[in-house]
Each structure stands twice: as C-alpha cells, then as structure tokens.
Amino acid sequence: MGAPWFQISHLAEEAGLVALSANFALYGDLSDRMMSLAAGLGPQQEIHSIDESFIDLSGVRGDLVARSHKIRSRILQWVGIPCGIGIGATKTLAKLANHVAKTAERKPGSYPAHLAQVCDLSALCESELEAVLATTPVNEVWGVGRQITKQLTAAGVATVLDLIRLDPVMVKNRWSVVLERTVRELQGMPCIDLDHSPAPKQEIACTRSFGHPVTDLSALAEAVTEFASRAAVKLRKQGSLAALVMVFIRTSPFRKDPQYSRSTTVPMRRPTSDTAAILEAALAGLRVIYQPSFNYAKAGVMLLDLQSDQIQQGELDWDDDSSKERGRLMSSLDSLNQRFGRGTVKMASAGLQGERRVWSMKQERRTPAYTTCLADMPTAKA
C-alpha cells in the first residue's frame, strides 16, 4: 500500500496486478451518486469522506436490515459500487458494525454469515453480540490508533469486548478523554453528534507529483499557478480568506538524483481570496526557494490562517469599492469555469493551452470519465 509503481510494476505480468491512474472527476461524480442514494436510509446525512457517510435513523420505522439491503442493492445496480452498511446506537458502533458487515462478506467464517453486507449490532442478542465483539481486535475500533493499540494490548485489552468492559473514568485517567469518549460510545452512550454542517477547513492545499522531472523555473511557475488557482477556488467556495500562503518544491526521494526540498510561507498584506493576490505571493515564494540544477518531482501551495470572508481587515487606504469589484471579478471567473469547464479562464502565468505540459501527471492508465465527459461516454449500436 502506497508503494511507488516502478517498484511493483513487475507484478502486472507475474500476478495480474491491475494499475490505474487517478481519475478524480470520475471518483467525485460516483461518490455524489452513491451518497444521494444512501441518503434514502434516513432523514439526515453526514458525508464523512468520499466513500463514507453517517445516516441518522431516528424515527425510521420497520425492518432496518431489510431497508438497508434494498438501499445497498440500489447503489450496486445504479452506480456499480458494492458497499457495506453498519447500524449501531452510536457513530462508533455504526463504524464497527460496518467493519463486521464488510469482513463477514470478504472473509466467510470470520463472522456469522447473516451479518454480511448489512450488520445491525443493536438487533443481536447479548450472547451473539459478545461473540462478535470478542472476535474483533481492538485496533478495528474507530479512533484507536497504532500507539493506543500497543498500550491497550500491553494492559491486556486485546478485543473490542475487553475495551467495552473497561471503566470510562479509569480510561480517562490512564489514557485520555478521547479514549473515554470512545469507550462510552461503544457502551451505547452517544458522545459524537452527527455533523450536519461541517466546520470550514482550517487550511487548504493543492499539491501534485509531476509526470516528469522539472528543472526549469518557468515550468514550476506554471504548476504553482495552477495549484494556487485551484486552492483559491476552494477558498472562495467555503467563504474564507487566507492570511498566509505557503509554497513548496521537492525532488523525488525514490530517485538517486541530488535531493532538495524547501518551503516558504508568505504573509499577505490583508486576508484575501483573490486569485491574483494569492498567486503573486506564491510565485514570490517560489522564486525565493528555487534552486537550479535539481530534478523537481513535486510542488504545492497551501493557504493558511483562514478566516471568514464576513470579516474584512481595513486600512487607512482601504478602497471598499475596489475590493467589491475584485470580489465580483472572482465570482465571474468561477462562474465561467464552472459553466464551460475548468481552465476556460485562467491566469496568464499558467501557460497557454496546447501540448501536454511537462509537469502534468502522466495518467497513462486513467480510465475514461464515463459520467462527466461526453466524449468518454460509452455508446451502444443497434
């Protein structure tokens, strides 16, 4: 997991390994489709990640397992993605139930067969529930990391059942309030609420590895322009302003070339979401850290010290009309790119459209964007 392709490429012929390049547009669209179908389980939904969400089942009547199997079948038929559904009294128990549902299907015999695909821990009798918990290693609990697992194992806590039987107050005193909360959740006491409106991100980053080594400053400037522009779009989308811009470049640790890695943080005169101002800071930082004669393999831009755009920092020479005009300009820029495709309107330092740029990702094994690009849409002939 996480191995460079050149180290394992021989497995393609030896073991039939399938390797695919990233296709973010396809992943995002399929995720949206899956989440919209999963929302049919209950009245409220928290999208936790691109492939995981929590559904509030409060007030939902009837057989929850049968209902979940129908939703799962619909997702598999309409989107083509198999999934597991876990039901529990708390978010931690639901995550644990999801693990049981997936493992019971993938590894027959590990758990009772009727728990495969959909697992409702709240519907199990006490003896069956204890058997499931006693079979599950403690590191499968949401929030129990590698170091905590070592400490728990050393204390004789090897399974989820062992963890549930601990006194929460003792857990807080010996470990932390976070683990105490986990134990209480496992015991059926909700401590982690459903997040209906996730908090704005505290930092926004856009980074990419290059398809080929880059040595030229102008090519690096094109890449940094692209990354800064994408980060600025995300910044405006969540209604925030950035007070710091960090830019970094580095060589590949997997090559025997001379190694170099540097980053710098540029403070803004005032917090902003203006692409031009963010880009100016990013390029200024790039010129400071750039050193010739190195084969750069990755670069990125991070926006830091974020705050709400509802709070503006004024100065003696503050021109409110000019600020509003720049805001409208950025809104128009985003609208055009959203309507006609990303990159339709962009900053000049990003370079002109044409031949594939040297810093672009290779993506030689990328699957077609079946659901987001008309040219890639499969067709059928009678």
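Taking the charge dipole of the chain about its Cα centre, with +1 at Lys and Arg Cβ atoms and -1 at Asp and Glu Cβ atoms, the residue from Thr367, Ser308, Met34 reaching farthest to the positive side is Thr367. Considering helices alone, the calculated mean residue ellipticity of the chain at 222 nm is -12500 deg cm²/dmol, with DSSP H runs of length four and up weighted by -39500 (n - 2.57) and normalised per residue. Sorting 225-232, 38-45 by average packing, meaning the other beta carbons within 10 Å per residue, from highest down gives 225-232, 38-45. Each peptide in 148-158, 292-302 receives the mean, over its residues, of other Cβ atoms within 10 Å, and ordering these scores from highest gives 292-302, 148-158. Thinking of the range 5-186 as a set of Cα atoms, what percent of all their pairs are more than 23 Å apart? Pairs farther apart than 23 Å: 52 percent. Rounded to the nearest 20, the size of the Cβ-charge dipole of the range 127-274 about its Cα centre is 680 debye, with Lys and Arg at +1 and Asp and Glu at -1. Relative to the Cα centre, the charge distribution of the chain, modelled as +1 at Lys and Arg Cβ and -1 at Asp and Glu Cβ, gives a dipole magnitude of about 740 debye. Distant-in-sequence amide contacts of Thr159, defined by a placed amide H-H separation under 5 Å and a gap of 5 or more residues or a different chain, comprise Val138.
Each Cα pair under 8 Å and six or more residues apart adds its separation to the average, and for the chain the resulting relative contact order is 16 percent. Ordering of 87-95, 51-59 by packing is 87-95, 51-59, highest average first (other Cβ atoms within 10 Å, averaged per residue). Between Thr215 and Ser322, the FRET efficiency estimated from the beta carbon spacing at R0 = 41 angstrom works out to 0.55. Phi-derived couplings, Karplus 6.51 cos²θ - 1.76 cosθ + 1.60 at θ = phi - 60°, listed residue by residue for the range 16-22: x, 5, 9, 10, 10, 7, 4 Hz, with x used for Gly and Pro. Backbone phi angles across the range 251-261, fed through the Karplus curve with coefficients 6.51, -1.76 and 1.60 (θ = phi - 60°), yield HN-Hα couplings of 8, 8, x, 8, 9, 8, 5, x, 8, 7, 8 Hz in residue order; Gly and Pro are listed as x. Remark: the range 274-286, residue by residue, has Karplus-estimated 3J(HN,Hα) of 6, 4, 4, 5, 5, 5, 4, 5, 5, 5, 5, x, 4 Hz, where x stands for each Gly or Pro and the curve is 6.51 cos²θ - 1.76 cosθ + 1.60 at θ = phi - 60°.
Computed over the range 15-122, the quotient of the alpha carbon radius of gyration and 2.2 N^0.38 Å is 1.12. Over 20 Å between Cα atoms, which of Lys237/Lys298; Lys256/Lys298; Lys102/Lys201; Lys201/Lys324; Lys234/Lys346 qualify? Violating the 20 Å Cα-Cα cut-off are Lys237/Lys298; Lys102/Lys201; Lys201/Lys324. Across the options Ala3, Pro190, Ser58, the greatest Cα extent toward the positive end of the charge dipole of the chain (unit charges at beta carbon of Lys, Arg, Asp, Glu) belongs to Ala3. Taking amide H positions as modeled 1.01 Å from N, with prolines and chain starts lacking one, no residue 5 or more places away or on another chain lies under 5 Å from Glu203.
Per residue, the convex hull spanned by the Cα atoms of the chain measures out at 232 cubic angstrom. Available extension along the chain between Ser9 and Lys237 is 78.2 nm, counting 0.36 nm per residue and deducting the alpha carbon span. Note on the range 5-186: with charges restricted to the Cβ of Lys and Arg (+1) and Asp and Glu (-1), its dipole about the Cα centre is near 240 debye. Label positions at Gln338 and Ser263, each projected 7 Å from the Cα along the C-beta direction, are separated by 3.0 nm. FRET efficiency for the pair Gln77 and Asp29, taken as 1/(1 + (r/R0)^6) with r the Cβ-Cβ distance and R0 = 25 Å, rounds to 0.90. Here the contact order of the range 5-186, divided by its residue count and restricted to Cα pairs under 8 Å and six or more residues apart, works out to 13 percent.
Looking at the range 1-149, send over the antiparallel percent of its DSSP beta bridges, to the nearest 5. Close to 60 percent.
Give, as ranges by residue number, the residues of the range 1-33 whose backbone N falls under 20 Å from the point 7 Å along Cα→Cβ of Thr371. From the range 1-33, the list is 20-33.
How much FRET efficiency would the formula 1/(1 + (r/R0)^6) give for Asp309 and Ser58, where r is the Cβ-Cβ distance and R0 is 30 Å, rounded to 0.05? With R0 = 30 Å, the Cβ-Cβ based efficiency is 0.30.
Okay, which of the range 67-96 sit inside 17 Å, backbone N to the point 7 Å along the Cα-Cβ direction of Ala380? Residues 77-80 qualify, since their backbone N sits under 17 Å from the label point. Backbone amide hydrogens, once placed in the peptide plane, bring Thr264 within less than 5 Å of Val247, excluding anything fewer than 5 places away on its chain.
Values quoted throughout were computed directly from the atomic coordinates according to the rules given, and no laboratory measurement underlies them. All values derive from a computational prediction rather than experimental measurement. Quick reminder, even Gly has a Cβ in these numbers, built from the backbone with ideal geometry, and neighbours come from all protein chains shown.
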